[in-house]
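The values are calculated or read from the model by the stated rules, or taken from the named source; none is laboratory data. The structure presented is a predicted model; accordingly, all values stated were derived computationally and were not measured. Positions of Cβ are generated from backbone atoms using ideal geometry, with glycine treated the same way; all protein chains shown enter the neighbour counts. Heads up: the accessible areas ignore ligands, DNA and RNA and are worked out on the full protein's heavy atoms, side chains in. Shrake-Rupley method; radii C 1.70, N 1.55, O 1.52, S 1.80 Å.
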Amino acid sequence: MAGKGIFFIMTFCSLVLWVLFGVFLLLLTPTDNGGWAPVIVSGSLWGALVVTGTSLGILVLRLHAREAVELRIIKRSFRQAIWLASLCVVALWLSHFGMLTLLASILLIALSALFELWFLSMRR
């Protein structure tokens, strides 16, 4: 069983990562075609989304279950947050290059759903 402090640690890390993303966004221009600026901004956004999604998943599951958070719940929230953050960052990159169409969006969502189904089927 994970302690109650895991949510507060995740929340603090989430706030730090969002501040770091804001600082990178102010200092760097993410629309530069060369250099590391788009990678750094996208990476900090991805990290902030993963930690925020995981902490929100833990909070919702804790409120729903009314019990202590187990390690399997944290793993599930982390995996789903990774899928969501990756989906958002890939959609932003596709949009930046003008390749985000309806078909690409549907394929991107279907691919992430297939990955999640694959992980769920491998668990059993």
Within region 58-78, is there a residue that is farther than 22 Å from residue 123 by Cβ, open to solvent by less than 60 Å² (accessible area, probe 1.4 Å) and either in contact with a strand residue (DSSP E or B) (Cβ under 7 Å, 6 or more places away or on another chain) or at pLDDT 85 or above (or both)?
no
Could you pull out the residue among 118, 83 that is assigned to a helix (DSSP H, G or I) and in contact with a helix residue (DSSP H, G or I) (Cβ under 6 Å, 6 or more places away or on another chain)?
83
Exactly one of (1) free of Cβ contacts under 8 Å to residues at least 12 places away in the same chain; (2) of a type in the set (Val, Ile, Thr); (3) within 18 Å of residue 5 (Cα to Cα) is unmet by residue 106. Its number?
(3)
Of the residues in region 93-110, those that are open to solvent by less than 80 Å² (accessible area, probe 1.4 Å), closer than 27 Å to residue 17 by Cα and assigned to a loop (DSSP other than H, G, I, E, B) number 1
Candidate set from region 21-31 (those that are open to solvent by less than 70 Å² (accessible area, probe 1.4 Å) and aliphatic (A, V, I, L, M)); member that is nearest to residue 74 (Cα to Cα):
23
Would it be correct to say that residue 90 is within 20 Å of residue 22 (Cβ to Cβ), open to solvent by 50 Å² or more (accessible area, probe 1.4 Å), within 17 Å of the chain's Cα centre (by Cα) and free of Cβ contacts under 8 Å to residues at least 24 places away in the same chain?
no
Taking the conditions exactly as written (crowded, with 17+ Cβ neighbours inside 10 Å and assigned to a helix (DSSP H, G or I)), does residue 113 satisfy them or not?
no
